[in-house]
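*Asks:* Sharing a structure here in C-alpha cells format.
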Amino acid sequence: MTDGPASAGPDPVGVPARLLAPEPGWSTRADVVVVGSGIAGLTAALRIHAALPGHRVMVVTKDVLDAGSTQWAQGGIAAALGPGDTPQQHEWDTLVAGAGACDLGAVRALVTEGPDAVRELIALGAQFDHHPDGELSLTREGGHHRDRIAHAGGDATGAEIQRALIAAVQRAPEIEVQQHALAVDLLLDATGGVAGLTLHVMGEGQRDGVGAVHCRAVVLASGGLGQVFSQTTNPAVSTGDGMALALRAGAVLRDLEFVQFHPTVMYLGPDSRGQQPLVSEAVRGEGAFLVDFEGNRFMQGQHELADLAPRDVVAKAITRRMAETGHPHMWLDARHLGAAFWERRFPTILATTRSHGVDPVTELIPVAPACHYASGGVATDLWGRSTVRGLYATGEVACSGVHGANRLASNSLLEGLVFSRRIADVLPGELRPWSEPAVDPRAAGLVAGTARRPLQEAMTAQVGVLRSAAGMTSAAGMLASLEADLATHVVDLDAWETTNLLTVSRALTEAARRREETRGSHWREDFPERDDARWSGHFDATTTEGRLRLDFHATEPTDRSPEEEVPA
C-alpha cells in the first residue's frame, strides 16, 4: 500500500487560534469536568463519580440536561443480546458498514462490552420494550444481519435513556450540573496539558457570563457538527463546539470527511432549514420500502440487503434517483404496516409526520438524505484519551475508530455507553495533579453570526452527499471569504457558535478535498471508486498558531472477509 499525499507543514488555511472572549469574571474548581449531557456525558459523569468518591465532578451542558442529540434517537441501541447473535457477527456488520476504515480494536471493545453495558443501563432504570413473554424486543436496521436493536417506547429510545440517566444524576447530588453554559476554550498549563476551561453561562444565578473552571481533567461529550449543514437531524446545539475547542487546544481531529447523511429524513420543502424530522431506519426494518415517483422499488438489486443496506448505500441510491428524475425527494411506503402497528411501534414518528400533513398509514412519506452523524471527531485511543494530556472524548464528538467511513445503525448510543465506561476505568488512576493555566499566547478571533447561513448553504451544496474537487474548492474559497470579510469584535453566543462551525467546516472540507476516492459516506463524483492502494488510512487535522495542518496516515483496510475474521 502507498500513502496518499500528506502535507509537509501547515496548510494555507487559517482558523481562529482561540475564541475572542472577555476575561473570566468568576471562577470555580472541580476535579473533572464533563462537557455534554447526552448518553456519553451522563454515563461518564456517573461512572467517574462512582470511581472517585470525595472528588468533585461537574457536568456542563449548553442548554438543559435533555436538549442534546440522545433524546432524538428513535431506532434504538445495538448489541448482541438476541438468540443466535454473537459479538463476532455484530463486529462484522460494523466493519463492513465502516468500509475498511474502522479501528478493529475499538470495534471489538464495542461489541464485546456492549451487551453488559446495555444490561447495566437497564439496571439503572431504562425501560426497554419487551415481548409478552418477557424477552427483550429486538428489531433490525440497515446493515445488520440480525435482530439486535433494543428499543424503548416504540421509537422513543433516546428519550427513555435520557430520562433514566438524568434521574440517576439527580440521585447523585455530589455531581454538580451547570446548565446553559457554552464551553469556550480549554485552559492549558505550561506543559500543554489541561488546567481547566472557560465557560460562558447564559442566564441566572451566581455565575453569569464568562468564567473559569479550574480542573484536572476534561471529558468532552458535546456531540456533533450537524448544524454545519442547512438540513440536519441534529438539534440546534450541535455546532461542533467540542471539536473546535479541542482542535484549538492542539488535539488531533480525525476522519472529519466521513459525515453520514441519513437516507430517510422527511422532506419539508426546498426552503426548510435546520433540524428536520427523522424517519427511523427501524421503519424499514419493520418492512417499509423506498419507491420513486413511478412506484419502482429502486433499492432492489442495489445491495443484498436492498432497503436495509448500510446508510451510505441507501443515501447514494436516493440521491442518484433524485438526480436522474429531477425530483427533490423520493418516497417511503409504510402503508401496509397498518394503523395499529404504527400507533404501537412508531408513535413518535406517526405524530411527527401527521403534524407535517402526511399520514403514513394512508400516504407515502416524502424523504431525502440529510446530515445525521459525524463519524470523525477528536481522535482517541481505546480508553478515550485524546492527544492532549488530561483531555478525553466520548460519543459523537470523538473519533474512537468504531465507525470508520460510515456508522452502522444504532451503534452510536452503544459507543457512548462503552467508551464512557472505559474512560471511567482509567481516568481515576491517571488524574493529573492540579496545575495553573499558563499565559495564553494564541491569537483570538471571531466571525459574526451572519456568516452562518452562507456557510451552511456552501457546505450543503458543495460538501454534502455528493462531492467534487471543483465544488469543494468553491466551498473552501467561500469559507475563507467569510472568515476574512465577517471577522468581528462583537462577542455573543451566535458568533462563538458560528466561529466553531467555520473551524470544523474548513477542516472537514480540506480533508474531503484531499481524499480522492469514494469510501463509505464520502462520495466523490470525480473519484467514484474506493482506492485502498492510495487512500486506506486516515486524515488527521491539527493546528499550529491558527494554521490548519492535515496529515495522512496509511492503515490496512479492516473489512476483511468473514471467513478470515469472524469465527463461525
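The values are calculated or read from the model by the stated rules, or taken from the named source; none is laboratory data. These figures come from a predicted structure and were not determined experimentally. Neighbour counts run over all protein chains shown; Cβ positions are idealised from the backbone, glycine included. In case anyone asks, the SASA skips ligands and DNA or RNA and just uses the protein heavy atoms, side chains included. Shrake-Rupley method; radii C 1.70, N 1.55, O 1.52, S 1.80 Å.
*Asks:* Relative contact order for the chain: what percent, with Cα pairs under 8 Å and sequence separation of 6 or more? Intermediate values should be presented prior to the final figure.
*Replies:* Values: 1411 pairs, mean separation 140.7, N = 568.
Once divided by the residue count of the chain, the mean separation gives 25 percent.
*Asks:* What are the principal axis extents of the Cα atoms in segment 486-568, in Å, biggest first?
*Replies:* 60, 31, 24
*Asks:* Find the accessible area per residue for the chain; the probe is 1.4 Å, ligands and nucleic acids are left out, and the unit is Å². Spell out each step's value before the answer.
*Replies:* Working: 20040 Å² over 568 residues.
Using a 1.4 Å probe on heavy atoms only, each residue of the chain averages 35 Å².
*Asks:* Can you tell me, using C-alpha contacts under 8 Å and at least 6 residues apart, the relative contact order of segment 312-454 as a whole percent? Show your work: numbers first, answer last.
*Replies:* Details: 132 pairs, mean separation 24.2, N = 143.
Taking the mean separation of contacting Cα pairs over the length of segment 312-454, I get 17 percent.
*Asks:* Mind ranking 529, 396, 286 by accessible surface for me, highest first, 1.4 Å probe? If you can, show how the numbers build up before the last one.
*Replies:* Details: 529 130, 396 25, 286 60 Å².
These residues rank, largest area first, as 529, 286, 396.
*Asks:* Provide the descending list of Cα extents for segment 57-116 along its principal axes, expressed in whole angstroms.
*Replies:* 39, 28, 25
*Asks:* Local charge sum around residue 466 (other residues, Cβ-Cβ under 11 Å, Lys/Arg +1, Asp/Glu -1)? Mind showing how you got there, number by number?
*Replies:* Numbers: positive: 316, 320, 467, 524; negative: 525, 526.
Neighbour charge sum, excluding residue 466 itself: +2.
*Asks:* Ok, one more. How do 135, 91 stack up against each other in accessible area, from largest to smallest, with a 1.4 angstrom probe? Mind showing how you got there, number by number?
*Replies:* Working: 135 115, 91 10 Å².
If we order 135, 91 from most to least accessible, we get 135, 91.
*Asks:* Compute the normalised compactness of segment 111-158: alpha-carbon radius of gyration over 2.2 N^0.38 Å, N being the residue count. Let's see the in-between values first.
*Replies:* Values: Rg = 11.0 Å, N = 48, 2.2 N^0.38 = 9.6 Å.
Cα Rg divided by the expected 2.2 N^0.38 Å: 1.15.
*Asks:* Give me log10 I(q)/I(0) at q = 0.11, 0.26, 0.28 Å⁻¹ for segment 316-381, Debye formula, one equal scatterer per alpha-carbon, no solvent.
*Replies:* Ignoring solvent entirely, the Cα scatterers give -0.40, -1.09, -1.15.
*Asks:* Per the 1.4 Å probe, what fraction of the accessible area of the chain, in percent, lies on carbon and sulfur atoms?
*Replies:* Summing carbon and sulfur atoms, their accessible area is 52 percent of the total for the chain.
*Asks:* With +1 on each Lys and Arg Cβ and -1 on each Asp and Glu Cβ, how big is the dipole of segment 24-153 about its Cα centre, in debye rounded to the nearest 20?
*Replies:* Values: 9 positive and 15 negative charges, 102 e Å.
Roughly 480 debye for segment 24-153.
*Asks:* Are there trypsin sites (Lys or Arg not before Pro) in segment 115-189 that DSSP puts in a loop and that have at most 11 other Cβ atoms within 10 Å, and which ones? Let's see the in-between values first.
*Replies:* On the way: sites: 119, 140, 146, 148, 163, 171; in loops: 140, 146, 148, 171.
In loop regions of segment 115-189 (DSSP not H, G, I, E or B), the sparsely surrounded trypsin sites (Lys or Arg not before Pro) are 171.
*Asks:* Follow-up question, since we're still on this one. Give the dimensionless ratio obtained when the Cα radius of gyration of segment 445-505 is divided by 2.2 N^0.38 Å. Present the calculation step by step, with values, prior to reporting the outcome.
*Replies:* Values: Rg = 11.5 Å, N = 61, 2.2 N^0.38 = 10.5 Å.
Dividing the Cα Rg of segment 445-505 by 2.2 N^0.38 Å gives 1.10.
*Asks:* Based on the alpha-carbon gyration tensor of segment 14-103, what equivalent-ellipsoid semi-axes (square roots of 5 times the eigenvalues) come out, in whole Å, largest first? Before the final figure, lay out each step's value.
*Replies:* Details: eigenvalues 245, 84, 41 Å².
Over the Cα atoms of segment 14-103, the semi-axes work out to 35, 20, 14 Å.
*Asks:* Two decimals, Cα atoms only, Kirkwood Rh: what is Rg/Rh over segment 234-345?
*Replies:* Values: Rg = 17.2 Å, Rh = 16.4 Å.
Value, to two decimals: 1.05.
*Asks:* Separate question: Leaving out ligands, DNA and RNA but keeping every protein chain, what accessible area does residue 434 have, in Å² rounded to the nearest 10, with a 1.4 Å probe?
*Replies:* Spelled out: residue 434, probe radius 1.4 Å, area about 100 Å².
*Asks:* Among 326, 122, 175, whose Cα projects farthest towards the positive end of the dipole of the chain, with charges put on the beta-carbon of Lys, Arg (+1) and Asp, Glu (-1)?
*Replies:* 175
*Asks:* How large is the Kirkwood hydrodynamic radius of segment 112-247, counting all unique pairs of alpha carbons, in Å? Please report the intermediate quantities before stating the final value.
*Replies:* Values: mean 1/r = 0.0545 Å⁻¹.
Answer for segment 112-247: a Kirkwood hydrodynamic radius of 18.4 Å.
*Asks:* Once you keep just the Cα pairs under 8 angstrom separated by 6 or more residues, what percentage relative contact order results for segment 371-448? Don't skip to the end; give the middle numbers.
*Replies:* Numbers: 76 pairs, mean separation 22.0, N = 78.
Computed value for segment 371-448: 28 percent relative contact order.
*Asks:* Where Lys and Arg each count +1 and Asp and Glu each count -1, what net charge lies around residue 163 among other residues with Cβ under 14 Å from its Cβ? Working shown, then result.
*Replies:* On the way: positive: 171; negative: 66, 160.
Local net charge: -1.
*Asks:* I'd like to know how segment 300-447 sits against the 2.2 N^0.38 Å rule of thumb: what's its Cα Rg over that expected value?
*Replies:* Details: Rg = 22.1 Å, N = 148, 2.2 N^0.38 = 14.7 Å.
In units of the 2.2 N^0.38 Å rule of thumb, it is 1.50.
*Asks:* Moving on. I'd like the accessible area for residue 128: 1.4 Å probe, protein heavy atoms, all chains in place, Å² to the nearest 10.
*Replies:* Per-residue accessible area (residue 128): approximately 20 Å².
*Asks:* Classify segment 1-160 as rounded, prolate or oblate from the Cα gyration tensor: take a ≥ b ≥ c as the square roots of its eigenvalues, call it rounded if a/c is under 1.5, otherwise prolate when a/b beats b/c and oblate if not.
*Replies:* Values: a/c = 2.18, a/b = 1.25, b/c = 1.75.
In terms of gyration-tensor shape, oblate.
*Asks:* A further question on this structure: Please give me the summed charge of the neighbours of residue 279: other residues whose Cβ is under 15 Å from its Cβ, Lys and Arg +1, Asp and Glu -1.
*Replies:* Working: positive: 284, 311, 335, 345, 354; negative: 141, 155, 281, 286, 307, 333, 359, 363.
Residues near residue 279 contribute -3 overall.
*Asks:* Just from the alpha-carbon atoms, what are the Rg and Dmax of segment 145-193 in angstroms?
*Replies:* For segment 145-193, the Cα radius of gyration and maximum Cα-Cα distance read 18.1, 51 Å.
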